[in-house]
Every structure is written in structure tokens, then in C-alpha cells.
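Asks: Sending over a structure as C-alpha cells; questions will come in a sec.
The values are calculated or read from the model by the stated rules, or taken from the named source; none is laboratory data. Quick caveat: nothing in here was measured; it's all calculated off a predicted structure. Positions of Cβ are generated from backbone atoms using ideal geometry, with glycine treated the same way; all protein chains shown enter the neighbour counts.
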Amino acid sequence: MGILEVSNVNKRFGGLQALGDVNLSVQDQSVHAIIGPNGAGKSTLLNCLVGKLIPDTGSVMFDGQSVLGRKPYEINQMGISRVFQTPEIFGDLTVLENMMIPIFAKRDGAFRMHAIESSNNESEVIDQAMEMLESLNMADARNDHAAAMSRGNKRRLEIGMCLAQNPRLLLLDEPTAGMARADTNNTIDLLKQIKDERDITIAIIEHDMHVVFSLAERITVLAQGTPLVEDTPDNIKGHPKVREAYLGE
Ligand code: ADP
Ligand code: MG
């Protein structure tokens, strides 16, 4: 049994079958990549895991409990945290203030802006936020406006904000999309560091094969809403069906 077990999940949008009988098992503390051409259903699948979409049929179990019918924040509290395709940080706030948000949210069960505004007395939250920034090598940038950071650093901050919630499963949807090579490599290094330092499972949707093959232990290939093959990176590289469906050969 994996920490995440997706069984026979189907999802239609009108006449379009976005997901058809998807089965996926993600092992605890592994890095599992989901690849496939545009429109294959990768983001739809991820949305079904975090409660943003509800599958028409099938089941999604996390750590032995069904996530179906739960609201996104409840699934988040179960230990699933998601990094979006575009960085979701607050540009007007400083790096430190951004990092305080998930820590407040975890402590209070909800985020309130005034908590940040009256944060002078919140030394405990600041300490925890600084600790996280230090582990991300971002402590020196704590007073910078988040909007002024490079794309790579925004992504780094955002991933850190997810980690501050102490998730057991981190989901990433194309975390290096639109990044320059140097930022992509920084993101790979960060994810490797996270994997080494934490008891965490990572499921990553990714287009960039350099990222996939640098990180993944297992790879599932989705094509037209259905898993085509699931295997190790070495086996995926040479798989004729994958070359045909994914690399267009
Ligand atoms: P991927 O992330 O693999 O590129 P998506 O999961 O975003 O693919 O999309 C799978 C298919 O479902 C696509 O054909 C897309 O146009 C369609 N789709 C995705 N979301 C919706 C939606 N909310 N309404 C209608 N069609 C959608
Ligand atoms: Mg997508």
C-alpha cells in the first residue's frame, strides 16, 4: 500500500473524458513523477487529490483515509500540500512575512491578515519563519519584497511556505515551468535537499525531462487521461510506448 492510492478515478468535463480509470500508487517517502503530453489530464488528476475537483467515480486514499468529499483545507490538514503552477506568494509582503503566513495558519487554523500586521509580539512565529528561511538559504532576503525576487526564488519561497505546514505529501505541478536553466537547477537542488532532510513524499508533474530524471524514483506516464505505463526512470527512458506517446516518435 502506498501513502497515496488512486483507484479507478474517472473525471469528465461535458463530453471530454479527462481521466479514464486512473490507478496510481505513490510509495511513502518516494519521489514520484507524473509526465505526459499537454492535455493528458495531469493537472486534473492533481486537482482530484487536493479536493479542487471531485472525481465522477473511483477513490483517492491518503494514508488509509479517503480524501473524497473533503474540502481543500481539510485535505491540507491531513498532510497534503500543493505547489501551484504559478507562484502563489504575496508580492506586497516581505519574504519573512510571507513565510509567517503558513505558520500562523497552522497555529490558528486560519490565516488572518491582522495577525501579520500585529506581528511585533509574535516572536515565536518569527523564529519559526526564520528557521525555515535559513534552511532555504533565504534568511538574508527576509526584508526584501517578495515581488522583487527572481522567479526561482519566488518558487523557493513558495515551496518553503508549503513545507512550513509540515506536509507528508508535497504535490508540485510543473514547478520549473518558464524558468531559466539556472533557476531550474536550483529548484532541483532544493527538492533533493527536502527529500534528504525530511520524512516526506513528493509527487511532481513535470514537463522538463531533466528535472524528472534528476529526481524521480518512479514515473507514471499519462496519455489521454489514462496511465500508459509506470516504471523506474531507466525503464521509462527506453520504453517504446512512451517514446511514441510522449516524445512524439
Ligand atoms: P494537463 O495538465 O496534462 O496538461 P489537464 O488536466 O489540464 O491536462 O487537462 C486535461 C483535459 O481536460 C484537457 O483536454 C483540458 O482542456 C480539459 N480540462 C481541464 N480542466 C477543464 C475544465 N475545468 N473544464 C473543461 N475542460 C477541462
Ligand atoms: Mg497541467
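Asks: Looking at segment 147-163, can you tell me whether even one residue there is surrounded by 19 or more Cβ atoms within 10 Å (Cβ to Cβ) and within 16 Å of ligand 1 (Cβ to nearest atom)?
Replies: no
Asks: Residue by residue through segment 199-219, note down the ones that are within 18 Å of Gln29 (Cβ to Cβ), touching a helix residue (DSSP H, G or I) at 6+ places or on another chain (Cβ under 7 Å) and assigned to a strand (DSSP E or B).
Replies: Across segment 199-219, the qualifying residues are Ile202, Ile204, Ile219.
Asks: Let me ask another. With the structure loaded, tell me whether Val229 is hydrophobic (A, V, I, L, M, F, W, C), more than 16 Å from ligand 2 (Cβ to nearest atom) and outside any helix (DSSP H, G or I) or whether it fails that test.
Replies: For Val229, the condition - hydrophobic (A, V, I, L, M, F, W, C), more than 16 Å from ligand 2 (Cβ to nearest atom) and outside any helix (DSSP H, G or I) - is met.
Asks: Do the conditions hold for Gly36, that is, is it at positive phi and within 15 Å of ligand 1 (Cβ to nearest atom)? Reasoning before the result, please.
Replies: Details: at positive phi: yes; within 15 Å of ligand 1 (Cβ to nearest atom): yes.
For Gly36, the condition - at positive phi and within 15 Å of ligand 1 (Cβ to nearest atom) - is met.
Asks: Here's something else I'd like to know. If the Cβ limit is 7 Å and pairs must be 6+ apart or interchain, which residue in segment 8-25 that is touching a residue at least 24 places away in the same chain (Cβ under 8 Å) pairs with which residue that is of a type in the set (Asp, Glu)?
Replies: Asn8/Asp21; Asn10/Asp21; Asn10/Asp56; Lys11/Asp56; Arg12/Asp56; Ser25/Glu5
Asks: Could you pull out the residue among Ala245, Ala203, Ala216 that is at pLDDT 95 or above and either within 16 Å of ligand 1 (Cβ to nearest atom) or touching an Asp or Glu at 6+ places or on another chain (Cβ under 7 Å) (or both)?
Replies: Working: Ala245 fails: at pLDDT 95 or above; Ala216 fails: either within 16 Å of ligand 1 (Cβ to nearest atom) or touching an Asp or Glu at 6+ places or on another chain (Cβ under 7 Å) (or both).
Testing whether each residue is at pLDDT 95 or above and either within 16 Å of ligand 1 (Cβ to nearest atom) or touching an Asp or Glu at 6+ places or on another chain (Cβ under 7 Å) (or both) leaves just Ala203.
Asks: Mind checking whether some residue in segment 68-77 is at pLDDT 95 or above, touching a Lys or Arg at 6+ places or on another chain (Cβ under 8 Å) and in a loop (DSSP other than H, G, I, E, B)?
Replies: No.
Asks: Among the residues of segment 16-47, what is the count of those that are more than 13 Å from the chain's Cα centre (by Cα) and either within 14 Å of ligand 2 (Cβ to nearest atom) or at pLDDT below 95 (or both)?
Replies: Residues flagged as more than 13 Å from the chain's Cα centre (by Cα) and either within 14 Å of ligand 2 (Cβ to nearest atom) or at pLDDT below 95 (or both) within segment 16-47 amount to 10.
Asks: Moving on to the next point. Only one of these is within 16 Å of ligand 1 (Cβ to nearest atom), of a type in the set (A, V, I, L, M), in a helix (DSSP H, G or I) and in contact with a Leu (Cβ under 9 Å, 6 or more places away or on another chain): Leu45, Leu96, Leu19. Name it. If you could, list the steps in order and put the result at the bottom.
Replies: Values: Leu96 fails: within 16 Å of ligand 1 (Cβ to nearest atom); Leu19 fails: in a helix (DSSP H, G or I).
That would be Leu45, the only listed residue that is within 16 Å of ligand 1 (Cβ to nearest atom), of a type in the set (A, V, I, L, M), in a helix (DSSP H, G or I) and in contact with a Leu (Cβ under 9 Å, 6 or more places away or on another chain).
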